[in-house]
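These notes concern the structure reproduced below.
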Amino acid sequence: MASTFETVAGIISETADIPREQITPESHAIEDLGIDSLAFLDIAFAIDKAFGIKLPLEQWTQEVNEGKAPAEEYFVLKNLVARIDALVAAKQA
Amino acid sequence: MRLEYFEMIDQVTSLDRETKRIEVSSVVPQESPVFEGHFPGHPLVPGVLLTETMAQASGYLVLGLMGFTHMPFLMGVDKARFRTFVGPGTVLTVTASLEHEGSGYAVTKARITAEGKPICDAELRFRIMPFPEGMDGLMRAQAKRIGLLEENV
């Protein structure tokens, strides 16, 4: 079974047409991979479907815009993966 | 339908909150400036306008389910297939179901049939945003015009 990171990297590669080898756990989805907000919604849909969760994108965006959290906290892939894992765990609990 | 005004929906037939599905009906006009170019001597509803019709049905579904708190804007069309020509006077039945409600976006599956025969279908994605100022009242008026009554939303 693929790890969460492998699944997410595969989704990003396919959805945003980014070579898989460019995508690492340290990649920032926006700054390093150049994913715009619309493309990120496509990625969120694929992640929601793949993991059976609902990424709270609106909440995250609001927190970043209000300066309550740095964008890295959500959009660096290792952090995004950790949040997906937490959402999956919460759903299964 | 008033194609040149992008009023694609004539009547909402049903909005089922439990199954998150809407059904609407529309009648293609006998005459429209659109048919002068598409195509000369052979009038057909353009695929882009059939797509718009599916998008509007989906949009009213999302508006109704969300109680007109936010506006869905079309951001993606996937898996669109156009299976049969549609000419003047055709009575269309449009259905749309909410496939996924994400955070700040929604995905629907929509299809159009005529006399039970498939016309087209697609998966549509919408960005859900706060209404631009003054727009919500106008959208409510449009919804009322097509029978999406206040008590339904």
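The values are calculated or read from the model by the stated rules, or taken from the named source; none is laboratory data. Quick caveat, the model's predicted, so the values are computed rather than measured. Here the Cβ is made from the backbone with ideal geometry for all residues, glycine too, and neighbour counts use every protein chain on show. For the accessible areas, the whole protein counts, side chains as well, though only heavy atoms, and no ligand, DNA or RNA atoms are used. Shrake-Rupley method; radii C 1.70, N 1.55, O 1.52, S 1.80 Å.
Select from segment A:13-34 the residues that are closer than 21 Å to A:GLU73 by Cα, out of contact with any Lys or Arg (no Cβ under 9 Å at 6 or more places or on another chain) and among the acidic types (Asp, Glu) and list them in ascending order.
Those that are closer than 21 Å to A:GLU73 by Cα, out of contact with any Lys or Arg (no Cβ under 9 Å at 6 or more places or on another chain) and among the acidic types (Asp, Glu): A:GLU31, A:ASP32.
Got at least one residue in segment B:37-49 being open to solvent by 20 Å² or more (accessible area, probe 1.4 Å), in contact with a Cys (Cβ under 9 Å, 6 or more places away or on another chain) and within 29 Å of B:GLY102 (Cα to Cα)?
yes
If I filter segment A:16-36 for residues that are without any contact (Cβ under 8 Å) to a residue 24 or more places away in the chain, closer than 23 Å to B:GLU101 by Cα and surrounded by 15 or more Cβ atoms within 10 Å (Cβ to Cβ), do I get at least one hit?
yes
Among (1) among the hydrophobic types (A, V, I, L, M, F, W, C); (2) more than 11 Å from the chain's Cα centre (by Cα); (3) more than 13 Å from every other protein chain (Cβ to nearest Cβ); (4) buried (at least 17 other Cβ atoms within 10 Å of the Cβ), there is one condition A:LEU77 misses while meeting the rest; what is its number?
(2)
Give segment B:50-68 a look and list any residue that's touching a helix residue (DSSP H, G or I) at 6+ places or on another chain (Cβ under 8 Å) and over 12 Å from B:MET8 (Cα atoms), or say none.
Passing the criteria: B:LEU63, B:GLY64, B:PHE68.
Among the residues of segment A:43-74, which ones are among the acidic types (Asp, Glu), under 17 Å from A:PHE5 (Cα atoms) and within 12 Å of another protein chain (Cβ to nearest Cβ)?
Answer for segment A:43-74, where residues must be among the acidic types (Asp, Glu), under 17 Å from A:PHE5 (Cα atoms) and within 12 Å of another protein chain (Cβ to nearest Cβ): just A:ASP48.
Report those strands (runs of 3 or more DSSP E) wholly inside segment B:1-119 carrying at least 1 residues which are within 14 Å of another protein chain (Cβ to nearest Cβ).
B:70-82, B:91-101, B:105-114
Could you please find all residues in segment B:120-132 being charged (D, E, K, R) and either open to solvent by 20 Å² or more (accessible area, probe 1.4 Å) or not in a strand (DSSP E or B) (or both)?
Result: B:ASP121, B:ARG125, B:ARG127.
Under 7 Å by Cβ, and 6 or more places apart or on different chains, what pairs join a residue from segment B:128-148 that is farther than 18 Å from B:GLU23 by Cα with one that is small (Gly, Ala, Ser) and open to solvent by less than 70 Å² (accessible area, probe 1.4 Å)?
B:ILE128/B:GLY104; B:ILE128/B:ALA106
Out of (1) touching an Asp or Glu at 6+ places or on another chain (Cβ under 7 Å); (2) within 20 Å of B:PHE6 (Cα to Cα); (3) open to solvent by 50 Å² or more (accessible area, probe 1.4 Å), what's the single condition that is false for B:VAL91?
(1)
Residues in segment A:19-35: is at least one within 14 Å of chain B (Cβ to nearest Cβ) and under 12 Å from the mean Cα position of the chain (by Cα)?
The answer is no, given that none of the residues of segment A:19-35 is within 14 Å of chain B (Cβ to nearest Cβ) and under 12 Å from the mean Cα position of the chain (by Cα).
With the requirement that a residue be farther than 22 Å from B:THR69 by Cβ and of a type in the set (Ser, Thr, Tyr), what does segment B:83-132 give you?
Across segment B:83-132, the qualifying residues are B:THR84, B:THR90, B:THR93, B:THR95, B:THR113.
Quick one: which of A:SER13, A:SER3 is more than 21 Å from B:HIS100 (Cα to Cα) and buried (at least 16 other Cβ atoms within 10 Å of the Cβ)? Outline the logic, then answer.
Numbers: A:SER3 fails: buried (at least 16 other Cβ atoms within 10 Å of the Cβ).
Sole residue among the options that is more than 21 Å from B:HIS100 (Cα to Cα) and buried (at least 16 other Cβ atoms within 10 Å of the Cβ): A:SER13.
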